[in-house]
Amino acid sequence: MDISQSGRSAELAMRIRGFMAEHIYPNERRFYQEAERLGPWAIHPVVEELKPLARAAGLWNLFLPAHHGEGGLTNLDYAPLCEIMGRSHLAPEVFNCSAPDTGNMETILRYGTDAQKEAWLKPLLAGEIRSSFAMTEPEVASSDATNIQSSIVRDGDTYVINGRKWYTTGATDPRCKIIIFMGQTDPNSPDRHRRQSMILVPKDTPGVRVIRALPVLGFYGVPDRASEVTFTNVRVPVSNVLLGEGRGFEIAQGRLGPGRIHHCMRLIGLSERVLEKMCRRAEKRLAFGRKVSDQTVTLERIAEARIMIEQARLLTLKAAHMMDTVGNKAARQEIAMIKVVAPNMAQKIVDWAIQAFGGGGTSNDHFLAAALATTRLLRLADGPDEVHRNQIGALEFRRYQNVDPAQTGGSGDPLTLDEAETWSAGGLWPAPEK
C-alpha cells in the first residue's frame, strides 16, 4: 500500500502553505472579530476579499474528486492539502473547500441531473453562492437517519415539504441560496432505508423560515453557522428530487464518506498547529523556577500528542487510499475508525494545550477556545462516536464469519475434554489422583 504524497499534491501543498502564511494567518484575528461583531447573519468581508486571491493563485475547488473530471485530485492527493487548510477556521472557505458546500457540491455532481448542475453546482463551484444541508431534527435521535420524520409528499407536479430541522449548517448566511433537504417520501415502506429522499429546496421558497442561529459552545458562525430552519408546506417541482424517491439514505452514505475524510484531515492540521503553540508557549513560561517545557507532565503530553497525531494521520491516509482503490463501501470500517480517532485525538490535544496556557487558554486569544468547540462538535457531526464504534464492531464480527479458525488460530473455544486430559497427562498440569 503506497500512501506517499504525489508530486502534484506536494507542489500544491507548498503553494497553500505560502498562501496561508501571506494571507490566512495575518487575517485570522480580523476574521474572528467580524464573526463576533457582525454575527452569523452577515457576510464577513475578509472572506470575500481573500477568495479572489485564492482563485487567482489556482488554489480553488481542490476538493473535486479525480473521477469526476480532468484535473481532480484523488482522496489521497487531497488529504494533505485539507490538513494544511484545517490549521485555520478561515482557510477552507477561502479556498472554496468548506463544509457543507463541498459535500453538497459532490452530492449534486454525483447524483444531480444536468439541469440541477447548471442551476446550483455551477454557481457553487464559482463561489457565487453558498448552500445548506438539512438532515438533523430536534425531535428525534438523528444519529439514526431512519428516524427522520420530515415529510416530502407528492402532489401532482410538485412535492410538498414539511419539517423542522436544526444544526443546518450555513442557513443564516445571506449567500446561502440552496438547501439539500432529507425527508420521508414513503414512511410505510417495509425497507426503512428506502423511506427517505433528498430534494433541492431554494432557500427563498415560500414556507422556508430560518428561525435562529445556534451557537456551538458559545460560538456563532465559527466554526459553523449552525441554524434552525422550519419548512411549512414548501412546494418545489418534482424535478428537484435527487436521484429518485427512496434514494436519500443511499445518497447520505455516498455524501458522508469523503466528508469524513475532509473533517479528519482538517482536525489533524488543527492538532498540529495547537501542538506547535503548546510547545512554543511551554518554552517561554517559567513555573516554580523551571520552564514549563522541562516539567515531566508537559513532556509526556507533548510526546503523547505527537504519537496520537501520527497514528491518526496514517489511519486517515490509509482510509483515503482505500477509498481511491477499492471504493467507499469497502473502506467503510476505516472511514468509521478515523471518524472516532481524529476528533477524540484533537479534543485531547486542545485540552492539554489549554491546560498549558492556563487561564488564557480558555479565551480565544490563542485560538484554543474555537479549536475546542470544533473538536467537540466533530465527535457528533457526520455521526456520533457511538454509531461509528457500533459499525466498527459489527464489521469486525463479520470479518470472521467465513474464516476457518483452524487456519488462523483464532478460535475462542475452550479446550475439549480430550485436549484437557492430554495436556494434564503431559505433565503441564498436576495429574489427577487415580
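Details
- For segment 271-288, the count of residues that are within 17 Å of the chain's Cα centre (by Cα) and closer than 20 Å to Ser98 by Cα is nonzero.
Residue by residue, here is whether (1) in contact with a His (Cβ under 7 Å, 6 or more places away or on another chain); (2) in a helix (DSSP H, G or I); (3) within 22 Å of Val234 (Cα to Cα) holds:
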| site | (1), (2), (3) |
| --- | --- |
| Gly103 | no, yes, no |
| Leu109 | yes, yes, no |
| Lys117 | no, yes, yes |
| Lys122 | no, yes, no |
| Gly127 | no, no, no |
| Glu137 | no, no, yes |
| Ser143 | no, no, no |
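- Residue in segment 237-256 that is assigned by TED's automatic domain parsing to the domain that holds Phe357, surrounded by 22 or more Cβ atoms within 10 Å (Cβ to Cβ), outside any strand (DSSP E or B) and charged (D, E, K, R) present: yes
- For segment 131-159, the candidate set comprises residues that are touching a Ser or Thr at 6+ places or on another chain (Cβ under 9 Å) and charged (D, E, K, R); within that set, the residue that is nearest to Ser189 (Cα to Cα) is Arg154.
- Subset of segment 137-184 [within 15 Å of Val201 (Cα to Cα), small (Gly, Ala, Ser) and under 20 Å from the mean Cα position of the chain (by Cα)]: Gly170, Ala171
- Where a residue in segment 93-114 is closer than 21 Å to Ala35 by Cα and not assigned by TED's automatic domain parsing to the domain that holds Met265 and its partner, wherever it lies, is of a type in the set (Lys, Arg) and surrounded by fewer than 24 Cβ atoms within 10 Å (Cβ to Cβ), with Cβ under 9 Å and at least six apart: Glu93/Lys51; Val94/Lys51; Phe95/Lys51; Phe95/Arg55; Asn96/Lys51; Asn96/Arg55
- Any hit, segment 227-241, residues being more than 29 Å from Gly39 (Cβ to Cβ), of a type in the set (S, T, N, Q) and within 25 Å of the chain's Cα centre (by Cα): no
- Check on Thr185, in contact (Cβ under 8 Å) with a residue 24 or more places away in the chain, hydroxyl-bearing (Ser, Thr, Tyr) and either surrounded by fewer than 18 Cβ atoms within 10 Å (Cβ to Cβ) or more than 28 Å from Ser88 (Cβ to Cβ) (or both): yes
- Residue selected from segment 8-53 under the condition among the hydrophobic types (A, V, I, L, M, F, W, C) and not in a helix (DSSP H, G or I), by the criterion surrounded by the fewest Cβ atoms within 10 Å (Cβ to Cβ): Ile43
- Of everything listed in (1) out of contact with any Asp or Glu (no Cβ under 7 Å at 6 or more places or on another chain); (2) surrounded by fewer than 21 Cβ atoms within 10 Å (Cβ to Cβ); (3) part of a loop (DSSP other than H, G, I, E, B), the single unmet condition for Gln149 is (1).
- Only helices (runs of 4 or more DSSP H) whose full extent lies in segment 341-434 are considered here, and the ones with at least 2 residues that are surrounded by 19 or more Cβ atoms within 10 Å (Cβ to Cβ) and in contact (Cβ under 8 Å) with a residue 12 or more places away in the chain are 368-377.
The values are calculated or read from the model by the stated rules, or taken from the named source; none is laboratory data. In this text the structure is predicted, and so the values were computed from the model without any measurement. In this analysis, Cβ positions are derived from the backbone assuming ideal geometry, glycine residues included, and neighbour counts consider all displayed protein chains.
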